[in-house]
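The values are calculated or read from the model by the stated rules, or taken from the named source; none is laboratory data. Bear in mind the structure is a predicted one, so any value in this text is a computation, not a measurement. Backbone-built Cβ (ideal geometry, glycine too); neighbour counts: all protein chains shown. The area values use the complete protein model at the heavy-atom level, side chains included, leaving out ligands, DNA and RNA. Shrake-Rupley method; radii C 1.70, N 1.55, O 1.52, S 1.80 Å.
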Amino acid sequence: MARFAWLLSSLALIASAQETRDPAAWGSTHAGQPVPDFVQGDECLFCHRNNIGPGWQKNSHGLTVRQREDAPELIALLKNGDGTTHTMGSRNHIRFLRKDGYGKFDLKDVAKPDWQKGKFENRCAGCHTTGIDAESKTFREVGLDCYTCHGVVDLDHSGDVSLIFLSKKRRSDVLAITSTCAQCHLRGGRSRSTGLPYPNNFVPGDNLFKDYEVNWAMAGDANTNPGDRHIWINVRDVAVNGGDTTCLSCHRLHANSTDKHRRVLTGPICLECHNAQGPKKAVKAYSVHSELCEY
Ligand code: HEC
Ligand code: HEC
Ligand code: HEC
Ligand code: HEC
Ligand code: HEC
Ligand code: HEC
């Protein structure tokens with residue numbers, strides 16, 4: 001009997017290990033279609049200037065690409081007259097950009113004073129600018145506009161907030177939320193249709209994995225830093241294993257806070273950053289690197 005019990009529980013384990021889902025099975029994709037029309041951030045902030053405006057001016061999503069007038073502290077690091085029109089980065093790592101016609105930038109080399117043509121559109125644009133056309137590889141807006149997370153917004157939402165994605169009344173679709181954040185935060189994926197290292201015309205609400213190819217082994221790769229790895233683990237747990245802890249269980253985006261994370265039920269993900277023994281506050285030191293972002 002004991003042997004049977006052992007066999008049965010092993011079978012149950014195997015069955016539960018196979019109870020993973022195909023991450024591409026649900027929902028829609030806009031890969032290959034034109035970028036939809038969307039309401040721009042300035043218009044949103046006209047109405048949301050009091051609740052969202054002040055925090056947005058300090059939010060790294062809004063600041064990730066800025067025109068030089070808006071980033072005097074970064075421009076001060078440059079010698080004058082090198083042609084820089086925009087800056088990239090807001091926290092630890094900074095790059096410089098030069099406008100090159102409609103919706104395009106040249107990227108200044110990390111080490112040399114050279115301008116790299118074509119690199120920004122082929123390697124960076126999809127996660128640092130808004131509304132990239134897959135054919136021309138031009139962007140619509142500099143930096144990350146409200147659209148990148150809230151999607152195509154119905155202005156009637158002012159009377160019925162359930163009409164808008166990520167409002168208090170529409171924040172429960174764990175798959176859609178995870179795809180939305182993962183479109184940029186799964187660094188190392190690739191669009192099947194374009195071959196580029198960022199998604200093809202992802203519109204919030206879509207299923208990222210219909211067109212975005214990722215290697216889930218990144219979630220267990222000891223060479224990945226904990227900053228990126230906790231993202232890989234969390235996205236895999238939702239998209240493949242059916243978990244319901246999302247980025248928003250721990251992060252409050254506009255408040256730029258992770259206070260909530262202390263209250264999430266303990267799980268293996270905690271050990272990415274905390275020690276197993278000792279007080280909970282024993283946070284391991286880690287630093288974030290990215291081959292893709294060149295830092
Ligand atoms: C369109 C791309 C994109 C999307 C969508 C996106 N992010 Fe980001 N996120 C970035 C980039 C780029 C940065 C770094 C910006 C910089 O510092 O220049 C960033 C930074 C962050 C940071 C670090 C903030 C800080 O100041 O330390 C957190 C946390 C974060 N994102 C969480 C999220 C969550 C949660 C979602 C989903 C609701 C999300 N992001 C959606 C691109 C994106
Ligand atoms: C797949 C999406 C994606 C692509 C493509 C991408 N990045 Fe990033 N980048 C991010 C995300 C997400 C972050 C924030 C990571 C974090 O804070 O942990 C980031 C952060 C950065 C930062 C650091 C900002 C800071 O304030 O510290 C720089 C600089 C940067 N990227 C430059 C680049 C460059 C240059 C390229 C192209 C060669 C590029 N990135 C391509 C998603 C991307
Ligand atoms: C990087 C993703 C992202 C971007 C870009 C973004 N938001 Fe949000 N927004 C969220 C998330 C996630 C929530 C859910 C609450 C939270 O985490 O802050 C949210 C919530 C909100 C709320 C409801 C606040 C509340 O009290 O719950 C408003 C209003 C809002 N966003 C407006 C904007 C506006 C306006 C912009 C552009 C200036 C914008 N958002 C850009 C992700 C984003
Ligand atoms: C004409 C004014 C107006 C414009 C333009 C506008 N909003 Fe709103 N929005 C409102 C009002 C009013 C509400 C409901 C009251 C509230 O929660 O702030 C609301 C609610 C929201 C909520 C849900 C807040 C909650 O309680 O959960 C989000 C998210 C949001 N707006 C984002 C946006 C984004 C993103 C844009 C631009 C694409 C935008 N809004 C444009 C007026 C506007
Ligand atoms: C179990 C809670 C939890 C979950 C789930 C979670 N995070 Fe985090 N994340 C954290 C904590 C805590 C930090 C560290 C904050 C700090 O250093 O102050 C962090 C840090 C980050 C950073 C900054 C890394 C750096 O240092 O540059 C980014 C970006 C980020 N998270 C994005 C995400 C995204 C996107 C998701 C969803 C796919 C997600 N996180 C899911 C708790 C979580
Ligand atoms: C991405 C890294 C990261 C992950 C994952 C993470 N933490 Fe944290 N945690 C931190 C950092 C950094 C701090 C200190 C800064 C802060 O308070 O946000 C912290 C602080 C805490 C604190 C407060 C400790 C004190 O003494 O003030 C608690 C409790 C906590 N984490 C619990 C958890 C739990 C439970 C999980 C899993 C659900 C978890 N953490 C996952 C990075 C992380």
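A few notes on this one:
- Conditions (1) open to solvent by less than 90 Å² (accessible area, probe 1.4 Å); (2) more than 17 Å from the chain's Cα centre (by Cα); (3) within 16 Å of ligand 2 (Cβ to nearest atom); number of the one not met by Y286: (1)
- Checking each residue in segment 162-174 for being among the hydrophobic types (A, V, I, L, M, F, W, C), open to solvent by 30 Å² or more (accessible area, probe 1.4 Å) and within 13 Å of ligand 1 (Cβ to nearest atom) picks out L166, V174.
Here is a yes/no grid of residues against (1) open to solvent by 40 Å² or more (accessible area, probe 1.4 Å); (2) within 16 Å of ligand 6 (Cβ to nearest atom); (3) touching a helix residue (DSSP H, G or I) at 6+ places or on another chain (Cβ under 7 Å); (4) outside the structural domain of K58 (by TED's automatic domain parsing):
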position: L77; (1), (2), (3), (4): yes, no, no, no
position: D100; (1), (2), (3), (4): yes, no, no, no
position: F105; (1), (2), (3), (4): no, no, yes, no
position: W115; (1), (2), (3), (4): yes, no, no, no
position: T129; (1), (2), (3), (4): no, no, no, no
position: S136; (1), (2), (3), (4): yes, no, no, no
position: H150; (1), (2), (3), (4): yes, no, no, yes
position: D160; (1), (2), (3), (4): yes, no, no, yes
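- Neighbours by Cβ (under 7 Å, 6+ apart or cross-chain): first from segment 230-249, assigned by TED's automatic domain parsing to the domain that holds V283; second open to solvent by less than 40 Å² (accessible area, probe 1.4 Å) and among the aromatic types (F, W, Y): A239/F209
- Filtered by the rule that a residue be within 16 Å of ligand 3 (Cβ to nearest atom) and either among the aliphatic types (A, V, I, L, M) or out of contact with any strand residue (DSSP E or B) (no Cβ under 8 Å at 6 or more places or on another chain) (or both), segment 186-236 gives L186, R187, V203, P204, G205, D206, L208, I231, N234, V235.
- Of note, S179 does not satisfy the criterion of being under 20 Å from the mean Cα position of the chain (by Cα), in a loop (DSSP other than H, G, I, E, B) and either surrounded by 15 or more Cβ atoms within 10 Å (Cβ to Cβ) or in the same structural domain as N215 (by TED's automatic domain parsing) (or both).
- Check on I269, aliphatic (A, V, I, L, M), more than 16 Å from ligand 4 (Cβ to nearest atom) and under 27 Å from C124 (Cβ atoms): no
- Looking only at segment 45-72, and only at residues there that are within 16 Å of ligand 2 (Cβ to nearest atom) and open to solvent by 100 Å² or more (accessible area, probe 1.4 Å), the one that is nearest to G89 (Cα to Cα): K58
- Reported count of residues in segment 79-89, each being in a loop (DSSP other than H, G, I, E, B) and buried (at least 17 other Cβ atoms within 10 Å of the Cβ), is 2.
- Restricting attention to segment 214-258, the residues being of a type in the set (G, A, S) and in a loop (DSSP other than H, G, I, E, B) number 4.
- Residue in segment 191-204 that is crowded, with 18+ Cβ neighbours inside 10 Å and over 19 Å from T130 (Cβ atoms) present: no
- Note on segment 147-165: among residues that are under 24 Å from A239 (Cα atoms) and in contact (Cβ under 8 Å) with a residue 24 or more places away in the chain, the one that is nearest to ligand 5 (Cβ to nearest atom) is C149.
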